[in-house]
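Written out below as structure tokens is the structure these notes cover.
The values are calculated or read from the model by the stated rules, or taken from the named source; none is laboratory data. Keep in mind that this is a model prediction, so the values were computed, not measured. Backbone-built Cβ (ideal geometry, glycine too); neighbour counts: all protein chains shown. Heads up: the accessible areas ignore ligands, DNA and RNA and are worked out on the full protein's heavy atoms, side chains in. Shrake-Rupley method; radii C 1.70, N 1.55, O 1.52, S 1.80 Å.
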Amino acid sequence: MSEVQNRGGSRRLWLTGSVAAAAAAAGAGFAWWRSQPKAMDSGVEQQFWSQSFETPDGKPVQLSAFKGRPLLVNFWATWCPPCVKELPMLSEFAAKQGGQGIQVIGLAVDKPEAVLRFLQRQPVQFPVAMAMQGGLGLSRALGNLQGGLPFTVLFDDKGQVRQRKIGELSREDLTSWAQ
């Protein structure tokens, strides 16, 4: 093989590798961008506090009852593996926050029967309400345009959105949000 042919092969290999790396970086950037909450609809915070849902067993839950202290809202479903994985951590967080810290509420985007069965097997230390289709609309209005789950929103004690995350929470997220 001549030196010229060898250089041509090396150049092709380098070019192919460069194109592949650029495509991978673009794909990763697009995936990151899609996972970030987008701008919220105008007036969504007021709309949020006027919502009413039901617990899985049919009792009413007025979100306005939670206003006045920080509130962490977690949109989840029993069929969502990252949702199920983070629930014990959220339950522990809610228990540690107690009556003075951040209140946690789960809004299940699921069927009441499935949520009741799930909570019987894995109880949580925070209230759970059924968001169903209204919850998906509310989630999108809060900036979760793709409707990805889990989706978590932290409201401050004045009812304003302070943090949002699409995807599974970490202990570090909760620790920094609680400060």
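When Rg and the Kirkwood Rh are both derived from Cα coordinates, the Rg/Rh ratio for segment 42-178 amounts to 0.92. Between their Cα atoms, which of K38/K96; K85/K158; K96/K158; K38/K59; K96/K165 are more than 25 Å away from each other? Pairs exceeding the cut-off: K38/K96; K85/K158; K38/K59. Could you look at segment 105-179 and say what percent of its accessible area is carbon and sulfur, using a 1.4 Å probe and all protein chains? Answer for segment 105-179 is 48 percent, counting heavy atoms of protein chains only. A simple spin-label model places pseudo-atoms 7 Å from Cα toward Cβ; at Q122 and W49 they are separated by 3.3 nm.
Chymotrypsin sites (Phe, Trp or Tyr not before Pro), restricted to segment 33-128: which are DSSP loop and have at most 13 other Cβ atoms within 10 Å? It would help to have the intermediate numbers written out before the result.
Numbers: sites: W33, F48, W49, F53, F66, F75, W76, W79, F93, F118; in loops: W79.
Qualifying residues, ordered by number: W79.
Accessible surface calculations at 1.4 Å, restricted to protein heavy atoms, place segment 42-178 at 47 Å² per residue.
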